[in-house]
Amino acid sequence: MAGQTQARFLTGSTMRHVAVMTLTGMIGLTFLFVADAATIFWVSFLDDERFMAALGFAWTVQFFTLSTSIGFMIAGTAMVSKSLGQGNRANAREQATTALMIGIGIQTITAILIVYYRRELLAFAGAKGDVLEIASQFLMIVVPSLLFIITGMIASSVLRAEGDARRAMLVTLLVGVLTMIIDPFLILWMGLGVNGAAWGIVISRFASACLGLYFVIKTHDLLAPPSVLLIKRWGIPFFIIAIPALMTQLSSPFGNYLITRILSEYGESAIAGWAVLGRIIVLTFGGIFSLSGAIGGIIGQNYGAGNFDRIRMAYRDALLFSLGYVLVAWALIAAATGPIISLFSLSEEAASVVKAFTYVSAGGFVFAGALYVSNASFNNLGRPIYSTMFNWLKDGVLMWPLCIVMGGYFAAPGVVYGQGIAWAIAGIAATIVGWRFISNVEASDKAKAGQSARLR
């Protein structure tokens, strides 16, 4: 496979490519987050709602760190897939190494800052007393493993750019599998409680990073030797994509942070319900969260080859796939509401937060999927700033007032309703602009090609 020169997404059914890349991305990303779901499940056996609330606050901070990693992953996919589509494997290898070097360097600084200011961040989110202390200790253990998660995620992005969906899936799948095995041993049998959950996540992230590097280096030979010269050569092109992508990804944890802050006014039970809901969302809608990264390689390779008809087909097929996926997932999560509440032993207040999503706001993911598909077109066709604008419209402009107003009418469940409305407004707007944007890029590229031909 290392000698392969034909980019995989330039031929064949675009719907098949969308389905395969999204479903494998869903499995991988779902098991990346299943680590947190498993943590919540086993901690619930400790029969103390303070632990559940602490993990909810800790997840709010962790969400920022995972989102920054996803931003670097998107930039790596965009650069590497375009080079592979152009048939330039040497550039792809250098770009993959550059993404890894920059990602590790910046996330090291991020980890240091979060560890140092973890108490202040948790307190601002609404954590108090014992809950704050438990969450603080959890972050102290987990946050340094950010270096492992960025390594694994960039390795997975390179594998997706290559079109190796199976191995990209295995890299993130390993995190969830190991956590499910390790967590009960550390949390319950060894009696480490929440700290045991933290160490389980660290171990699983380290294993994922090692597997990702093995696949990228040994299977595909898609890493060049590290060098400062690579950062000088590819650093600016990388940051042109990475900075807007990073700002885009930070919008979701910012919105989540706002919701957590608002819900904290309704008590620890509301936060416990939100903590469970956060894990249920990523497990149920993992395919939607993976859409942007999953189809990014398809769009990037065809952009490198100048196949705009296939880009439009991929965009359309991704929207249709997203719609079908959400309708099925919504029906399943609504039917499972009762068992979810029983499984996590939620109080009435916590259960009301979960029901608000499973019965009503889960439908907003129809528009969330449309937003992620649009993000993929913006990121891989050279305008990642558009993704930033639409995501911050959702989380930075709409989320706070909608959640406050709806919370005033419906209490804690209203906050969840407000989130769903914000998704709908931003998703519809981004879809319309994204479709027109593809045609604009095609016209611009044809004009540039015609001008170059006349000059020659």
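For the range 113-129, does any single residue satisfy the condition of being over 30 Å from HIS220 (Cβ atoms), at pLDDT below 85, of a type in the set (Phe, Trp, Tyr) and part of a helix (DSSP H, G or I)?
Yes, some residue in the range 113-129 is over 30 Å from HIS220 (Cβ atoms), at pLDDT below 85, of a type in the set (Phe, Trp, Tyr) and part of a helix (DSSP H, G or I).
Do any residues in the range 62-76 that are in contact (Cβ under 8 Å) with a residue 40 or more places away in the chain have Cβ atoms under 7 Å from those of residues that are surrounded by fewer than 24 Cβ atoms within 10 Å (Cβ to Cβ) and among the small types (Gly, Ala, Ser), where the two are at least six apart or on different chains, and which pairs are they?
SER67/SER252
Could you identify the single residue in ALA99, ALA135, ALA161 that is among the small types (Gly, Ala, Ser), in a helix (DSSP H, G or I), over 15 Å from PHE64 (Cβ atoms) and modelled with pLDDT under 90?
Within the list ALA99, ALA135, ALA161, the selection yields ALA161.
Give all pairs with beta carbons closer than 7 Å in which a residue from the range 188-203 that is modelled with pLDDT of 80 or more meets a residue that is among the acidic types (Asp, Glu) and crowded, with 22+ Cβ neighbours inside 10 Å; count only pairs at least 6 apart in sequence or on separate chains.
Matching pairs, first to second residue: ALA197/ASP183; GLY200/ASP183.
State whether one or more residues within the range 401-409 are surrounded by fewer than 16 Cβ atoms within 10 Å (Cβ to Cβ) and within 26 Å of the chain's Cα centre (by Cα).
Yes, there is a match, as at least one residue in the range 401-409 is surrounded by fewer than 16 Cβ atoms within 10 Å (Cβ to Cβ) and within 26 Å of the chain's Cα centre (by Cα).
I'm trying to understand the selection: among the residues of the range 311-340, which are assigned to a helix (DSSP H, G or I) and small (Gly, Ala, Ser)?
The answer is ALA314, ALA318, SER322, GLY324, ALA329, ALA331, ALA334, ALA335, GLY338.
For the range 351-395, what are the residues that are in a helix (DSSP H, G or I) and among the β-branched types (Val, Ile, Thr)?
Those that are in a helix (DSSP H, G or I) and among the β-branched types (Val, Ile, Thr): VAL353, VAL354, THR358, VAL366, VAL373, ILE385, THR388.
Kindly evaluate GLY235 against the criterion of being part of a helix (DSSP H, G or I) and buried (at least 21 other Cβ atoms within 10 Å of the Cβ).
Answer is no for this residue.
Among the candidates ILE438, ILE341, single out the residue that is within 30 Å of ALA75 (Cα to Cα), among the aliphatic types (A, V, I, L, M) and surrounded by fewer than 23 Cβ atoms within 10 Å (Cβ to Cβ).
Unique residue meeting the criteria: ILE438.
Exactly one of these conditions fails for MET313: (1) hydrophobic (A, V, I, L, M, F, W, C); (2) touching a Ser or Thr at 6+ places or on another chain (Cβ under 7 Å); (3) surrounded by fewer than 20 Cβ atoms within 10 Å (Cβ to Cβ); (4) at pLDDT below 85. Give me its number.
Failing condition for MET313: (4).
How many residues does the range 283-306 hold that are closer than 18 Å to LYS355 by Cβ and at pLDDT below 80?
1
Would you point out the residue of the range 338-359, among those that are out of contact with any Asp or Glu (no Cβ under 8 Å at 6 or more places or on another chain) and hydroxyl-bearing (Ser, Thr, Tyr), that is modelled with the lowest pLDDT?
Checking each candidate, the answer is SER342.
Here is a list of conditions, (1) of a type outside the set (D, E, K, R); (2) assigned to a helix (DSSP H, G or I); (3) closer than 30 Å to PHE51 by Cβ, and SER345 meets all of them except one; can you say which number that is?
Among (1) of a type outside the set (D, E, K, R); (2) assigned to a helix (DSSP H, G or I); (3) closer than 30 Å to PHE51 by Cβ, SER345 violates only (2).
Could you check how many residues of the range 247-294 are among the acidic types (Asp, Glu) and in a helix (DSSP H, G or I)?
Result for the range 247-294: 1.
Of the conditions (1) hydrophobic (A, V, I, L, M, F, W, C); (2) under 25 Å from SER204 (Cα atoms); (3) without any contact (Cβ under 8 Å) to a residue 40 or more places away in the chain, ALA123 fails just one. Which one is it?
Unmet condition: (2).
The values are calculated or read from the model by the stated rules, or taken from the named source; none is laboratory data. Computed from a prediction, not measured in an experiment: that's the story for all the values here. Quick reminder, even Gly has a Cβ in these numbers, built from the backbone with ideal geometry, and neighbours come from all protein chains shown.
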